1. Which condition number in (1) at pLDDT below 85; (2) closer than 30 Å to Phe47 by Cα is the one that Arg117 fails?
2. Does Asp131 meet the test of being farther than 19 Å from Val233 by Cβ, surrounded by fewer than 16 Cβ atoms within 10 Å (Cβ to Cβ) and free of Cβ contacts under 8 Å to residues at least 40 places away in the same chain?
3. Give the residue that is nearest to the chain's Cα centre (by Cα), with candidates limited to residues of the range 231-266 that are among the hydroxyl-bearing types (Ser, Thr, Tyr) and within 21 Å of Gln178 (Cβ to Cβ).
4. For Ala113, are the conditions met, namely being among the small types (Gly, Ala, Ser) and not in a loop (DSSP other than H, G, I, E, B)?
5. Suppose we filter Ala192, Ala161, Ala228, Ala130 for residues that are under 20 Å from Pro266 (Cα atoms) and within 29 Å of the chain's Cα centre (by Cα); which single one remains?
6. Which residues, taken from the range 1-36, are over 22 Å from Gly94 (Cα atoms) and not in a loop (DSSP other than H, G, I, E, B)?
7. Name the residues in the range 16-71 that are of a type in the set (D, E, K, R) and within 58 Å of the chain's Cα centre (by Cα), would you?
Amino acid sequence: MALENSAEAPLPVRTVARSIAEWVGRLGRVWVEGQVTQLNNRPGTVFLTLRDPVADVSLSVTCSRSVYDGVVPALTEGSRVVIHAQPVVHLLRGSLQLQALDIRPVGVGELLARLERLKGVLRAEGLFDADRKKPLPFLPRTVGLVTGRASAAERDVLENARRRWPAVRFDVRSVAVQGHLAVEQCIAAIAALDREPDVDVIVIARGGGSVEDLLPFSDEALCRAVAACRTPVVSAIGHEPDSPLLDAVADVRCSTPTDAGKRVVPDYAEEVTRIVQLRNRARRVAIAVVQRELTRLDAMRSRPVLADPGTLISARFDDVLGLRDRSRRCMGAALDRAGHDLQHTRARVLALSPKSTLERGYAVVQDATGGIVRDPADVRAGDPLRIRVANGELEATVH
């Protein structure tokens, strides 16, 4: 039950500490799994820290010499263990510890089984999917390298990469590649390289080793950190048979650090050879195009029309003269026909003209209004008349 207290009636420290100890004591004995760090092997009591590698949480553990000596194989820093312990609160220091009653190392078979379960979880979340893999750049500006200090893996990556491309630049981050500090240092180095704008690819390299030695590279926290990187990550852990979970999460998996040095940069000699081949191919294509066009020009120039441009004009000159003469004859015939037709039409017009009729002795009689008199009844005595004849007019009066 909650202790009664207030600002006016606070609880003493001893009361709070004793209450916490009582509540922790009610928890009873528990089985705890973790990784051994900070092992202090004293003659009477052994002190160690049990760390959760995923959540980076740790608890202090004490055990008797008999419990420690009974562990086979002997405990070392980085060992995975299962501890049967009693939580204890020390009132004088106000600290929480686990008092180990039994310590059992996690065997290789059990480790592999747990790795298989973790692999299933990561695969279900899509961390192994091929569509999330990022391609490697053709020629990176800087290659980030996460590896052990002065290790054979570092030497293999650097030498093989520089042998292929001498101008390659590296940003090497030395970390622990086994033990309890490996995961934390690798994650920090990867995050730092991922923030560098000039680093275009990150290589994580380590030589071969046992399952326990390579266990940090199957750590869930490290796998998730690699999956979250924006920079392409190359995994080069161990030898060909080794396959930590990092290989499946990384964008590119290399069988060895030597292979990683060959994969991250192109081969200078191969690229020079390829450029020479492409240049020769381009030259051959250009020469073939020029030769083809020259042949075509020679063929066109050998044609009669281009050899003597006047040939075409000469061939058409007679045609033009014939067409001109024909057009003249046609035009003359058309004009003659039109002249004859005009004469005939003029003759008919003259024949039908009133003047021609008057010249034959006829006359036209008009009254005072200019109307033609056709009937004697149309006029009366005394009306003036005008008589038109072929060569003039006469005036008369009706009687």
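The values are calculated or read from the model by the stated rules, or taken from the named source; none is laboratory data. The model shown is predicted, which means the values in this text are computed figures rather than measured ones. In this analysis, Cβ positions are derived from the backbone assuming ideal geometry, glycine residues included, and neighbour counts consider all displayed protein chains.
1. (2)
2. For Asp131, the condition - farther than 19 Å from Val233 by Cβ, surrounded by fewer than 16 Cβ atoms within 10 Å (Cβ to Cβ) and free of Cβ contacts under 8 Å to residues at least 40 places away in the same chain - is not met.
3. Ser235
4. yes
5. Every option except Ala161 fails the conditions.
6. Matches in the range 1-36: Trp31, Glu33, Gly34, Gln35, Val36.
7. Answer for the range 16-71, where residues must be of a type in the set (D, E, K, R) and within 58 Å of the chain's Cα centre (by Cα): Arg29, Glu33, Arg51, Asp52, Asp56.
A quick yes/no check of all residues on (1) aliphatic (A, V, I, L, M); (2) without any contact (Cβ under 8 Å) to a residue 60 or more places away in the chain; (3) in the same structural domain as Asp219 (by TED's automatic domain parsing); (4) under 21 Å from Ser66 (Cα atoms):
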site	(1), (2), (3), (4)
Ile20	yes, no, no, no
Glu33	no, no, no, yes
Val36	yes, no, no, yes
Leu39	yes, yes, no, yes
Arg42	no, yes, no, yes
Thr45	no, yes, no, yes
Thr49	no, yes, no, yes
Asp52	no, yes, no, no
